[in-house]
Amino acid sequence: MFYDKFSVEGKRVLVTGGAQGIGKCVAGILARCGASVGILDVNGEAAARTASEIGGKAAAFSCDVTDCAQVGEAVGAFVRRFGGLDAVFNNAGIVQHKPAEELTPEEFRRVLDVNLNGVFYVAQAAAKEFMRAGTGGAIVNTASMSGSIVNIPQRQASYNASKAAVAHLTKSLAVEWAQKGIRVNCISPGYIATEMTGAVRDDWKEFWKEMIPFRRMGTPEELAGAVIYLMSDASSYTSGADIIIDGCFTCI
């Protein structure tokens, strides 16, 4: 049946930044939809707790995505555990709220290292495995509406620059790997209620809600459908796309 093309049943999916927030939520939904899920996170204990909560179709992998060698080892461990790799939700990321003139070089590099270099290292390692297996595969990166607009009132130039780079990296990899059967897409969430946004100032959150046409922040669950679509066979002709999921924020 045609609707079977939207299924992720039996797919083996690696989720980075999977111990909490968007990654944890999407990983849980993928598992409930029949996928086997690897929870990859720099916090190995938190990854293990999340994998335990999800149950038998999940396993934890401790990895710093800014370390290319660790990424390669983690992808190899995932393949040994599940017998292969079909898709990646490349979601690990951090944010720095600080005026640009006050950012230290180390702070700026750290955001770029996690949000951009980490995405590339994971995508590269996954692509090598897809090519080795000759199966093709799907990579879904997490960019952000912040790659298309400049957020206010907070100051986050390093984050915005990193996410704009992720969106263009996605397009570049999609074109390079198209003939290899590897599809690369990204989602660009708006303001989503997670641990990351929950820690910011209340007056900022109220300001954001007033600017969002939906008059509320989104939930991680509202991102899962796009991720599942981009991993499924229903999106077999979709690559290099950036799906903005922001409650119409970037429309105004």
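The values are calculated or read from the model by the stated rules, or taken from the named source; none is laboratory data. Predicted model, so just to flag it, every value in this text is computed and none were measured. For neighbour counting, all protein chains shown are included, and Cβ atoms are generated from backbone atoms with ideal geometry for every residue, glycine included. Areas reflect the complete protein model, heavy atoms only, side chains present, ligands, DNA and RNA absent. Shrake-Rupley method; radii C 1.70, N 1.55, O 1.52, S 1.80 Å.
Quick notes on this structure:
- Cross-chain or 6+ apart pairs with Cβ under 6 Å, segment 182-196 first and without any contact (Cβ under 8 Å) to a residue 60 or more places away in the chain, then of a type in the set (Ser, Thr, Tyr) and surrounded by fewer than 24 Cβ atoms within 10 Å (Cβ to Cβ): Arg183/Ser239; Ala193/Thr219
- Selection from segment 30-50 of residues that are in contact with a Lys or Arg (Cβ under 6 Å, 6 or more places away or on another chain) and of a type in the set (Gly, Ala, Ser): Ala31, Ala35, Ser36
- Considering Glu73, Glu53, the condition of being outside any strand (DSSP E or B), more than 18 Å from Ala138 (Cβ to Cβ), free of Cβ contacts under 8 Å to residues at least 24 places away in the same chain and of a type in the set (Asp, Glu) is satisfied by Glu73 alone.
- Elements of type helices (runs of 4 or more DSSP H) in segment 163-252, at least 2 residues being among the hydrophobic types (A, V, I, L, M, F, W, C) and surrounded by 14 or more Cβ atoms within 10 Å (Cβ to Cβ): 202-211, 221-231
- Within segment 102-130, residues that are among the aromatic types (Phe, Trp, Tyr) reach partners that are open to solvent by 40 Å² or more (accessible area, probe 1.4 Å) and part of a helix (DSSP H, G or I) with beta carbons closer than 8 Å, at six or more positions or on different chains, in the pairs Tyr121/Cys68; Phe130/Lys180.
- The residue list Phe120, Phe89 contains one member that is among the aromatic types (Phe, Trp, Tyr), outside any helix (DSSP H, G or I), within 22 Å of Trp177 (Cα to Cα) and touching a helix residue (DSSP H, G or I) at 6+ places or on another chain (Cβ under 8 Å), which is Phe89.
- Only a single item in (1) closer than 19 Å to Val166 by Cβ; (2) assigned to a loop (DSSP other than H, G, I, E, B) is not met by Glu9, and it is number (1).
- The listed residue being open to solvent by 60 Å² or more (accessible area, probe 1.4 Å) and under 26 Å from Thr197 (Cβ atoms), out of Arg49, Arg81: Arg49
Quick grid of which residues meet (1) closer than 19 Å to Glu221 by Cα; (2) open to solvent by 20 Å² or more (accessible area, probe 1.4 Å); (3) in contact (Cβ under 8 Å) with a residue 12 or more places away in the chain:
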| site | (1), (2), (3) |
| --- | --- |
| Phe2 | no, yes, no |
| Ser7 | yes, yes, yes |
| Cys25 | yes, yes, yes |
| Leu30 | yes, no, yes |
| Cys33 | yes, yes, yes |
| Ala58 | yes, no, yes |
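- Every listed requirement among (1) surrounded by 21 or more Cβ atoms within 10 Å (Cβ to Cβ); (2) within 24 Å of Asp242 (Cα to Cα) is met by Ala74 save one, (2).
- Subset of segment 123-137 (residues that are open to solvent by 30 Å² or more (accessible area, probe 1.4 Å) and at pLDDT 95 or above): Gln124, Lys128, Met131, Arg132, Ala133, Gly134
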